[in-house]
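Asks: The structure is given below, and queries will be raised subsequently.
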Amino acid sequence: IMLVNTYKGVPVSFPAIFLEEKPEEFIVKAYPFQSLCIDINKLTIIKSESLETPLMAFAASVDPTESVVTLSSLRYASSSAGNRKYDRVVPSEHVEVSLTPLDGSHGLLKGILNDVSSHGLGFQTWESVDLEEGAEAVFSFSLNFGEAELNFIGIKGIVRNLINDQAGSSTRIGVELLADDEQIQQLEEYINYRIKMINDELQLLMPIVLS
């Protein structure tokens with residue numbers, strides 16, 4: 001089987017060895033860095049030639065010293081799970097996002113950026129949210145690009161999903177950005193910059209995880 005996770009938005013995928021099946025869970029031997037990502041993400045996507053559709057499994061336990069992972073609560077994932085159309089990255093800095101609905105139904109909403117791609121973003125807000133999926137809005141945020149700063153003011157977008165956390169204290173808002181060509185180019189430059197930084201970080205972490 002192949003396991004698929006992400007590290008700060010960058011895909012991480014290695015083969016895993018099936019070890020044992022127990023009632024409602026099973027145990028695998030994962031690649032060391034994969035087990036670390038599973039511990040961080042608390043879940044993984046399972047792919048195999050014998051599976052018509054990828055599976056999602058949650059981490060019941062992770063033994064980082066032996067890279068042994070116990071997975072449970074298996075469920076079917078979407079056929080595109082683990083296959084992203086656009087690269088998505090987590091910013092290194094604290095980025096504030098503001099949202100203003102175009103129809104004026106909601107006042108200014110502020111949150112913190114979770115991740116960004118050239119065609120979308122996700123952010124977390126702790127404010128009261130009175131929005132529906134499909135709502136059109138304008139978004140503003142700034143990204144640090146080395147010593148420069150990219151400012152995106154009033155970029156149009158559509159709210160695609162609203163996910164409340166289990167405690168109900170915050171909401172993750174997924175957005176499809178309707179960026180123009182110049183904005184897309186700027187976002188792609190930032191994303192490529194972040195991917196290089198994250199890959200460099202992975203190279204530094206790998207020997208530590210493997211030791």
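Asks: Residues in the stretch 144-159 that are at pLDDT below 95 and either within 18 Å of the chain's Cα centre (by Cα) or not aliphatic (A, V, I, L, M) (or both): how many?
Replies: So the count comes out to 8.
Asks: Also: Taking the stated definitions as given, is residue 108 under 17 Å from residue 153 (Cα atoms), crowded, with 18+ Cβ neighbours inside 10 Å and at pLDDT 85 or above?
Replies: Values: under 17 Å from residue 153 (Cα atoms): yes; crowded, with 18+ Cβ neighbours inside 10 Å: no; at pLDDT 85 or above: yes.
No; evaluated as a whole, the condition is false for this residue.
Asks: Next question, about the same structure. Do we have any residue at all in the stretch 26-44 that's farther than 25 Å from residue 205 by Cα and more than 20 Å from the chain's Cα centre (by Cα)?
Replies: yes
Asks: All but one of (1) assigned to a strand (DSSP E or B); (2) open to solvent by less than 50 Å² (accessible area, probe 1.4 Å); (3) under 28 Å from residue 105 (Cβ atoms) hold for residue 129; which doesn't?
Replies: (1)
Asks: So which residues in the stretch 127-148 are over 11 Å from residue 173 (Cα atoms), in contact (Cβ under 8 Å) with a residue 40 or more places away in the chain and hydrophobic (A, V, I, L, M, F, W, C)?
Replies: If the condition is that a residue be over 11 Å from residue 173 (Cα atoms), in contact (Cβ under 8 Å) with a residue 40 or more places away in the chain and hydrophobic (A, V, I, L, M, F, W, C), then 139, 141, 143, 145 are the ones that fit.
Asks: Scan the stretch 96-119 for residues that are part of a strand (DSSP E or B), under 25 Å from residue 195 (Cα atoms) and of a type outside the set (A, V, I, L, M, F, W, C) and jot them down.
Replies: Within the stretch 96-119, 96, 98, 111, 114, 115 meet the criteria.
Asks: How many residues does the stretch 150-177 contain that are farther than 23 Å from residue 102 by Cβ, without any contact (Cβ under 8 Å) to a residue 24 or more places away in the chain and surrounded by 10 or more Cβ atoms within 10 Å (Cβ to Cβ)?
Replies: Number of matching residues: 2.
The values are calculated or read from the model by the stated rules, or taken from the named source; none is laboratory data. Note that the structure is a prediction, hence the values are computed from the model and not measured. With ideal geometry, Cβ positions are generated from the backbone for all residues, glycine too; neighbour counts draw on all protein chains shown. Ligands, DNA and RNA are excluded from the accessible area calculation, which covers all protein heavy atoms including side chains. Shrake-Rupley method; radii C 1.70, N 1.55, O 1.52, S 1.80 Å.
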